[in-house]
2 protein chains.
Amino acid sequence: MLATVVTQKADELVRLFYDTFLQDKEASSFLSHSVVHSRLSHSLRDWLLNLLRADTSEEKSRFEDRQRAIGEVHARIKIPIHLVLEGAALVKGAVARHLMQLDLSREVLGEALMQLGRRIDYSMQLMSQAYVSGSMRRAQLDESFRLFALGQDITLERESQRAALMEWSQAVLFALFGSGSATGLKPISSSPFGLWLYHRAGVMFQDAPALESIEGAMEQIDRVLLPKIDEARATQDPSLTGLVEDLQGLVEQIKFLLADLFQSAAGFENGRDPLTRTLNRRFLPSILSREISIASKNRTPFTVLMIDVDHFKQINDRWGHSAGDAILRQIAEIVLDTVRLSDFVFRYGGEEFLIALIETDAEQGFQIAERMRQALLGRELRLSDDTKISVTISIGLATYEGHPDYAYLVDAADRALYRSKEAGRNRTTVASG
Amino acid sequence: MLATVVTQKADELVRLFYDTFLQDKEASSFLSHSVVHSRLSHSLRDWLLNLLRADTSEEKSRFEDRQRAIGEVHARIKIPIHLVLEGAALVKGAVARHLMQLDLSREVLGEALMQLGRRIDYSMQLMSQAYVSGSMRRAQLDESFRLFALGQDITLERESQRAALMEWSQAVLFALFGSGSATGLKPISSSPFGLWLYHRAGVMFQDAPALESIEGAMEQIDRVLLPKIDEARATQDPSLTGLVEDLQGLVEQIKFLLADLFQSAAGFENGRDPLTRTLNRRFLPSILSREISIASKNRTPFTVLMIDVDHFKQINDRWGHSAGDAILRQIAEIVLDTVRLSDFVFRYGGEEFLIALIETDAEQGFQIAERMRQALLGRELRLSDDTKISVTISIGLATYEGHPDYAYLVDAADRALYRSKEAGRNRTTVASG
């Protein structure tokens, strides 16, 4: 009877699905094209008709494969997962309303509603699983390609693209002041520079703000300035000189932004903090999750230290930022000298370091922490003007105890550090389990 | 009334949830630890109690934030999404069974079941969306870290680790033949080499088969060989010599596998096919998805060519594989000379190339394809022994027409190529829309 309703109402459900989604801005961008519409309508109808038909085990395994295949396609075409789940909920609601209008007993109605939910939910489980693994594989590949694109000789790339930009603007100027031939001015967006910017720079520099500014300037040139210049030229309007100056201004601006773009990439791609040579904090999730998995799998201990320089603000205020930098650099050296090569040292915040001590339990970790703290007690750090000052550090220690979330471990170390500060600084506190 | 059932049965639902999941092998690995159990039981109970309580808009937005936060935690601790959806379905089923046992009218029962489904489904939509974006961000970071780790001076790393391995085996041998002191033999797994292998090599070389083999050999040493050697030494058993020879064999094997590991990384990390200098096929999904998004957003044309060398098998059979390689290299040169720098040329298969022509419509694409095909007609390719042979290519062309799945475009080009072959080779066929 549930199957009858779904079969009878299949066309209506497909229509409802598309009508609802075409009103959603995000969803409609995936569905608006006619190719998609006709193909997906067809797929959706098939999906509905097959939803309740998996009774034999052969049918069941075919049904499962099909749901996974759909999830993979969704990942490939980047349909957001919540839209798919929303669509499934929509279908459930509509079928349920139809069921409630039938003259069914309480029991039959209840069973039908539950069966409907189970089937659709099971399909969503399979689809989502395939979707997530497909999307993660894609994210990995995208990143790999981005870094590959960046890894090509970046200085050469910068100079080539600067040259391509100049070549385009020169061609425009020649066309303007030359024979004044009938050929229009070539837009920057379809010049080699424009193609590079849209198709390569987007990969290399992802969401860099300078990228958007360049695109804005290019649009300004192609949509506003070039048509005006073309017209002024045709009518021999005296405004031409001013317009060409505007063009020059925009080209200069693009040149400047381009330098900025390459500059920022050079800094960001470095996995280490340039000042202290410790690891960039953005690798923290990757490394800690991995180490927690290893600790959990191999039943090896794993300890995290959070280190903060005491009274760092006063140092900065009294001796200036370059003094602060010198202090941080020397503390990082001491830390790196104390740990083993296989441990991980991160610059965690302004004056904070996080250290991941692999295969190290709380007691060993405490000894390492104390060795760092005491190394500072016996030493004066040198500022750039040869002033020497003494500095202390506070340390919080937390050991992995089975919680799978690395954030939990970092929080525990952070709270222990806070207790070291509260208790008067220059000490190591071990987090209470 | 639905709220009453959920509230009254909350503890039972939490228990049911955990009991079911602890029987599932995959799920139990996330839930077995007592910290997790107590914390997650608590969270799950809260989630249930809050599920039906989002009536005011303030409550609603707090509810939504909470669902997203849960999704983020799940991504961080890598709970597979299908387990969460399965758990939600479990809760729905249990609450529905309770509802059906109550003395409710058909209408009230139906409405309650629908409301239950809507609330839980909405929670799943929000959670899954946050989960997917968190997981993709993580996959991206993991890859970025992996390539960073690989990008460090890899030759230096190889030599350091070879040295670390030798240092360990030397220490074992000294301990054996030296004073015969009471200290036991140090296991390889906790030596600097072992730590590097478990904590760094796993990142750098991911699923390389050599990695697993090394781990196997290390386990063999630590669990089997070292205890036996220790015993033989203590009892002055004559088997000692043979055991030490076994150890030497295993160390040699690890040394060999280690070289293999670094070797394979050098090849794989190269984004280009070493023979033809065209792009590695693994970047195809990243590049084509991106280009399809750009074409769709900017309404610019985008064309794909699939190229296959005619009768390539015969060339290989008659002149050998190095002749085939020479042919492929020269064809790749012609292809790369014909396209613009901003286009993408991939080695797609043995003798197949895929070319992504950006901002190019079918007509322009056809001209480019024909230019390649004709460039080969007027030229003899040179084999390494100076034999000259003529080669032709068949081409299939497909243009983006709005379908968001890049696989659809690749398939269309592939089918067009097949038609070129069928029609007698040495020609370009345009896919019919």
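The values are calculated or read from the model by the stated rules, or taken from the named source; none is laboratory data. Computed from a prediction, not measured in an experiment: that's the story for all the values here. Please note: Cβ atoms are built from the backbone with ideal geometry, for glycine as well, and neighbour counts cover all protein chains shown. All accessible areas refer to the heavy atoms of the entire protein, side chains included, with ligands and DNA or RNA removed. Shrake-Rupley method; radii C 1.70, N 1.55, O 1.52, S 1.80 Å.
Search the range B:97-125 for residues being within 7 Å of chain A (Cβ to nearest Cβ) and under 41 Å from the mean Cα position of the chain (by Cα), and hand back the single one that is most open to solvent (accessible area, probe 1.4 Å).
B:R118
Taking A:N50 as meeting all but one of (1) at pLDDT 90 or above; (2) touching an Asp or Glu at 6+ places or on another chain (Cβ under 9 Å); (3) open to solvent by 20 Å² or more (accessible area, probe 1.4 Å), write down the number of the exception.
(1)
Filter the range B:226-238 for residues that are open to solvent by 50 Å² or more (accessible area, probe 1.4 Å), farther than 15 Å from B:F174 by Cα and of a type outside the set (K, R) and give the result. Walk me through how you get there before you give the answer.
Of all residues in the range B:226-238, those open to solvent by 50 Å² or more (accessible area, probe 1.4 Å) come to B:227-228, B:230-231, B:234-238.
Within this subset, residues satisfying the condition of being farther than 15 Å from B:F174 by Cα are B:227-228, B:231, B:234-238.
The answer is B:P227, B:E231, B:A234, B:T235, B:Q236, B:D237, B:P238.
What pairs come out if I take residues in the range A:200-221 that are part of a loop (DSSP other than H, G, I, E, B) and pair them with residues that are of a type in the set (A, V, I, L, M) and open to solvent by less than 10 Å² (accessible area, probe 1.4 Å) whose C-beta lies under 7 Å away, six or more apart or interchain?
Final answer for the pair search is A:A208/A:L261.
Only one of B:G93, B:G87 is over 22 Å from the mean Cα position of the chain (by Cα), buried (at least 16 other Cβ atoms within 10 Å of the Cβ), under 30 Å from A:V95 (Cβ atoms) and within 11 Å of chain A (Cβ to nearest Cβ); which?
Answer to the selection: B:G87.
Output the residue which, of all residues in the range B:222-255 that are small (G, A, S), part of a helix (DSSP H, G or I) and more than 18 Å from B:L165 (Cβ to Cβ), is modelled with the lowest pLDDT.
Looking at residues that are small (G, A, S), part of a helix (DSSP H, G or I) and more than 18 Å from B:L165 (Cβ to Cβ), I get B:A234.
Give me the residue from the range B:127-147 that is closer than 30 Å to A:G117 by Cα, facing chain A (nearest Cβ under 7 Å) and of a type in the set (A, V, I, L, M) and, out of that set, least open to solvent (accessible area, probe 1.4 Å). Please lay out each step first, then the result.
So in the range B:127-147, the residues closer than 30 Å to A:G117 by Cα come out as B:127-136.
Within this subset, residues satisfying the condition of being facing chain A (nearest Cβ under 7 Å) are B:128-129, B:132, B:135-136.
Filter once more, keeping what is of a type in the set (A, V, I, L, M): B:132, B:136.
Details: B:V132: 14, B:M136: 47 Å².
Across the range B:127-147, the extreme among qualifying residues is B:V132.
Give me the residue from the range A:408-433 that is more than 17 Å from A:E351 (Cβ to Cβ) and charged (D, E, K, R) and, out of that set, most open to solvent (accessible area, probe 1.4 Å).
A:R415
Filter the range B:148-157 down to residues that are within 9 Å of chain A (Cβ to nearest Cβ) and assigned to a helix (DSSP H, G or I) and give me whichever is most open to solvent (accessible area, probe 1.4 Å).
Among those residues, the one meeting the criterion is B:G151.
Filter the range A:409-433 down to the residues that are polar (S, T, N, Q) and farther than 14 Å from A:L305 by Cβ and list them by number. Full working, then the answer.
Pass one, the range A:409-433, residues polar (S, T, N, Q): A:420, A:426, A:428-429, A:432.
Matches in the range A:409-433: A:N426, A:S432.
Just to confirm my filter: which helices (runs of 4 or more DSSP H) fall fully inside the range B:284-353 and include at least 2 residues that are within 14 Å of chain A (Cβ to nearest Cβ) and more than 21 Å from B:D414 (Cα to Cα)?
B:284-298
With (1) over 30 Å from A:R39 (Cα atoms); (2) touching a residue at least 40 places away in the same chain (Cβ under 8 Å) as the list, and B:L397 as the residue in question, which single condition is left unmet?
(1)
Picking from A:T399, A:T360, A:T428, which residue would you name as being farther than 19 Å from A:S286 by Cβ, in contact with a helix residue (DSSP H, G or I) (Cβ under 6 Å, 6 or more places away or on another chain) and within 13 Å of another protein chain (Cβ to nearest Cβ)?
Values: A:T360 fails: in contact with a helix residue (DSSP H, G or I) (Cβ under 6 Å, 6 or more places away or on another chain); A:T428 fails: within 13 Å of another protein chain (Cβ to nearest Cβ).
On inspection, the qualifying residue turns out to be A:T399.
I'd like the residue in the range A:107-149 that is of a type outside the set (G, A, S) and in contact with an Asp or Glu (Cβ under 6 Å, 6 or more places away or on another chain) and, out of all such residues, is nearest to B:D207 (Cα to Cα). Quick ask: steps written out before the conclusion?
Going residue by residue through the range A:107-149, those that are of a type outside the set (G, A, S) are A:107-109, A:111, A:113-116, A:118-122, A:124-127, A:129, A:131-132, A:136-138, A:140-143, A:145-148.
Applying the additional criterion that residues be in contact with an Asp or Glu (Cβ under 6 Å, 6 or more places away or on another chain) yields A:125-126, A:140, A:143.
Values: A:Q125: 27, A:L126: 25, A:Q140: 14, A:E143: 18 Å.
Within the range A:107-149, the match that is nearest to B:D207 (Cα to Cα) is A:Q140.
Condition check ((1) open to solvent by 50 Å² or more (accessible area, probe 1.4 Å); (2) modelled with pLDDT of 85 or more; (3) acidic (D, E); (4) assigned by TED's automatic domain parsing to the domain that holds B:E252) across all residues:
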| position | (1), (2), (3), (4) |
| --- | --- |
| B:E159 | yes, no, yes, yes |
| B:R162 | yes, yes, no, yes |
| B:S169 | no, yes, no, yes |
| B:G180 | no, no, no, yes |
| B:K186 | yes, yes, no, yes |
| B:S189 | no, yes, no, yes |
| B:F193 | no, yes, no, yes |
| B:W196 | no, yes, no, yes |
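Would you confirm, using the coordinates I've provided, whether A:L377 is at pLDDT below 95, more than 34 Å from the chain's Cα centre (by Cα) and surrounded by 15 or more Cβ atoms within 10 Å (Cβ to Cβ)? First the steps, then the outcome.
On the way: at pLDDT below 95: yes; more than 34 Å from the chain's Cα centre (by Cα): yes; surrounded by 15 or more Cβ atoms within 10 Å (Cβ to Cβ): no.
When the stated conditions are applied, A:L377 does not pass them.
Tell me the residue from B:R299, B:R347 that is of a type in the set (K, R) and at negative phi, please.
Just one listed residue meets the conditions, B:R347.
Just to verify a result, which residue in the range A:22-47, among those that are open to solvent by less than 30 Å² (accessible area, probe 1.4 Å) and in contact with a Phe, Trp or Tyr (Cβ under 8 Å, 6 or more places away or on another chain), is modelled with the lowest pLDDT?
Selected residue: A:V36.
Tell me the residue from B:G349, B:G402, B:G396 that is closer than 30 Å to A:H74 by Cβ and surrounded by 16 or more Cβ atoms within 10 Å (Cβ to Cβ), please.
The conditions single out B:G396.
What residue, among those in the range A:54-82 that are within 15 Å of A:L40 (Cβ to Cβ) and basic (K, R), is surrounded by the fewest Cβ atoms within 10 Å (Cβ to Cβ)?
Going through the qualifying residues, I end up with A:K78.
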